[in-house]
1. Quote the charge dipole size of the chain about the Cα centre in Debye, to the nearest 20; the model charges only the Cβ of Lys and Arg (+1) and of Asp and Glu (-1).
2. Filter the GluC sites (Glu not before Pro) in the stretch 1-96 to those in DSSP coil with at most 13 other Cβ atoms within 10 Å of their Cβ, and list the result.
3. For a Förster distance of 35 Å, can you work out the FRET efficiency between the beta-carbons of Glu88 and Ala23, rounded to the nearest 0.05?
4. Largest first and in whole Å, give the semi-axes of the chain's equivalent ellipsoid, each being the square root of 5 times a Cα gyration tensor eigenvalue.
5. Using label points projected 7 Å from each Cα along Cα→Cβ, tell me how many nm separate Ser62 and Glu44, to one decimal.
6. Could you name the aspartates and glutamates whose alpha carbon sits less than 15 Å from that of Lys86, not counting residues in the same chain fewer than 8 places away?
Amino acid sequence: QVQLVESGGGLVQPGESLRLSCAASRSISSIDAMGWYRQAPGKERGLVARITSGGSTNYVDSVKGRFTISRDNAKNTMYLQMNSLKPEDTAVYYCNALLGFSQAWGQGTQVTVSS
C-alpha cells in the first residue's frame, strides 16, 4: 500500500495560480498511474488529470491548457500546476494512485477560487 498526502490548496482570486503536491509514503516509480480528482459541493468526485509511469497524461476538457500534471519519482511526489483558475475550479482536490486491483486516496486539499 501507499499513503498519500496532499498540500498546496488555498484561497485565490480568479486568474491566479496554485500548485498542488501529493507526497507518497514510498517510491512511486512502480505505480502505473496517478491522478488528481476533485469534488465540488453537491457534485460527484471526478477525474481532473492523470499521469502514467511512462509520463503520458490526460486531462478533463475543462482544464486543458490551464492545468499541468507531473510526477517526480526521485521525490516520490506528484504535482498539479493550476493556472488561470476560475470559480468553477473550486473543490476539494484528491490525489489517487492505482495499485494493481486496488487504489489509494489522499485526504484532500481545499481549493477555493473567489473574488
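1. 100 debye
2. Glu16, Glu44
3. 0.80
4. Over the Cα atoms of the chain, the ellipsoid semi-axes are 23, 14, 13 Å.
5. 1.4 nm
6. Glu16, Asp61
Read-outs: derived from the displayed coordinates by stated rules, not from any lab. As the structure is a computational prediction, the values presented were derived from the model and not from experiment. Cβ sites come from the backbone with ideal geometry, for glycine too, and all protein chains shown count toward neighbours.
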